[in-house]
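The block underneath contains the structure these notes are about, expressed in structure tokens.
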Amino acid sequence: MPRLPFVIPMPGRRFVIGVPFGWLLVFFLLPFLILLYISFVDMGNDINPFKPIWDASTGLLKLKYENYGSIFRSGDGGGLFRTLYVEAYLRSIWYALCTAVLCLLVGYPFAYFIARSRPSVRPALLMMVMLPFWTSFLLRVYAWKGILADQGVINQLLMGLGLIQEPVQMLYTSVSMLVGMTYVYLPFMVLPLYANLVKMDFRLLEAAYDLGASPFKAFWLVTVPLSKAGIVAGFMLVFIPALGEFVIPSLLGGPENIMIGRVVWDEMFTSNNWPRASALAVIMIGLIVVPLALYYRHTGESAEARH
């Protein structure tokens, strides 16, 4: 007798769907609306970022668009889109892209090896990937300071081997920041890739070999397309938090590597300009959400067209 598919009752289905939507409403939409509100506030000489934006006497909204205009317009005559904020956005996007690409290049072999290993060994290998999360985030970043410093482990080893005569500047550079960000976000790339690769039917590779494909060609034409969903998921999981990273650039990056997360911090807590800091955060969220929504709309339309 064939087994009937399990169907969740309507009340249970609404509950299952409503829980994540409620979570997003409370912990994303409401804070975003608060940020959006503050970004249009004219604080003036006050220190209240929650001043009303509704003028009861005129019945009009008092929105200060200058909080957004000052982000893209230089005050020293530099022109439009040549500001510290725009440079910080572009620098953040660049470093986030580089981090995602490096995580993909390093993490894909890891995920592929774990997926091809024996089922009895996979839990131990996955635990090794997750081990860094058992240690404090700050401790791990500070450890890299000790490794990359002028008197750190790498320089001491190179000088001990006679390969260099004086320490090489590695800390407070773009390289040190990318190394730290790649190390921290690597598990976010490995795990979705593994979840995708472990479900792949590796007999397809054997069929490609039988048809005369080389190992590299079979990998490129069979494995990579089948793992596209894992690549996209891992890329997003790395790119999105790396875009707004604050701790790693502050501890490992130099003064020329200021990213948008540090700029938002300075505007809010050093300059006490909450409206501009909120405007910077709203634009950063838009840089993430809008392309992501367009991508998923495109993939959804493509899937409907195939069916």
Exercise for review: Would you check which residues across the range 166-201 are over 18 Å from Pro132 (Cα atoms), hydroxyl-bearing (Ser, Thr, Tyr) and either surrounded by fewer than 23 Cβ atoms within 10 Å (Cβ to Cβ) or touching a His at 6+ places or on another chain (Cβ under 6 Å) (or both) and list them?
Suggested key: Tyr172, Thr173, Ser174
Check your understanding: Does Gly244 fit the bill of being of a type in the set (Gly, Ala, Ser) and within 31 Å of the chain's Cα centre (by Cα)?
Key -> yes
Exercise for review: Please identify the pairs in which a residue from the range 178-201 that is touching a residue at least 60 places away in the same chain (Cβ under 8 Å) and in a loop (DSSP other than H, G, I, E, B) has its Cβ atom under 7 Å from the Cβ atom of a residue that is surrounded by fewer than 23 Cβ atoms within 10 Å (Cβ to Cβ) and among the aliphatic types (A, V, I, L, M), counting only partners at least 6 apart or on another chain.
Suggested key: Val198/Ala115; Met200/Leu226
Check your understanding: Within the range 141-157, how many residues turn out to be free of Cβ contacts under 8 Å to residues at least 12 places away in the same chain and among the polar types (S, T, N, Q)?
Key -> 1
**Study point:** The one condition in (1) surrounded by 14 or more Cβ atoms within 10 Å (Cβ to Cβ); (2) over 25 Å from Pro123 (Cα atoms); (3) not polar (S, T, N, Q) that Glu206 fails to fulfil
**Key:** (1)
Review point. Failed condition for Trp274, given (1) buried (at least 18 other Cβ atoms within 10 Å of the Cβ); (2) under 15 Å from the mean Cα position of the chain (by Cα); (3) not small (Gly, Ala, Ser), with all others met?
Key: (2)
Study note, to complete from the structure: Scanning the range 260-273 residue by residue, those in a loop (DSSP other than H, G, I, E, B) and at negative phi turn out to be Ser271, Asn273
Exercise for review: From Arg118, Arg140, grab the single residue that is part of a loop (DSSP other than H, G, I, E, B) and at pLDDT 90 or above.
Suggested key: Arg118
Review point. Which pairs do you get when a residue that is exposed (fewer than 10 other Cβ atoms within 10 Å of the Cβ), found in the range 292-305, comes within reach of a residue that is at pLDDT 75 or above and not in a helix (DSSP H, G or I), reach meaning Cβ atoms under 9 angstrom, with the pair 6+ apart or on two chains?
Key: none
Review point. Do we have any residue at all in the range 38-58 that's more than 22 Å from the chain's Cα centre (by Cα) and part of a helix (DSSP H, G or I)?
Key: yes
**Study point:** Contacts under 9 angstrom Cβ, first residue in the range 56-73 being surrounded by 13 or more Cβ atoms within 10 Å (Cβ to Cβ), partner in a helix (DSSP H, G or I) and β-branched (Val, Ile, Thr), 6 or more apart
**Key:** Asn67/Ile38; Tyr68/Val282; Tyr68/Ile283; Ile71/Val86; Ile71/Ile283; Phe72/Val86
Practice item. Give the range 216-259 a look and list any residue that's surrounded by 21 or more Cβ atoms within 10 Å (Cβ to Cβ), among the aliphatic types (A, V, I, L, M) and not in a helix (DSSP H, G or I), or say none. Key: Met259
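The values are calculated or read from the model by the stated rules, or taken from the named source; none is laboratory data. Predicted, not measured: the structure shown is a model, and the values here were computed from it. Here the Cβ is made from the backbone with ideal geometry for all residues, glycine too, and neighbour counts use every protein chain on show.
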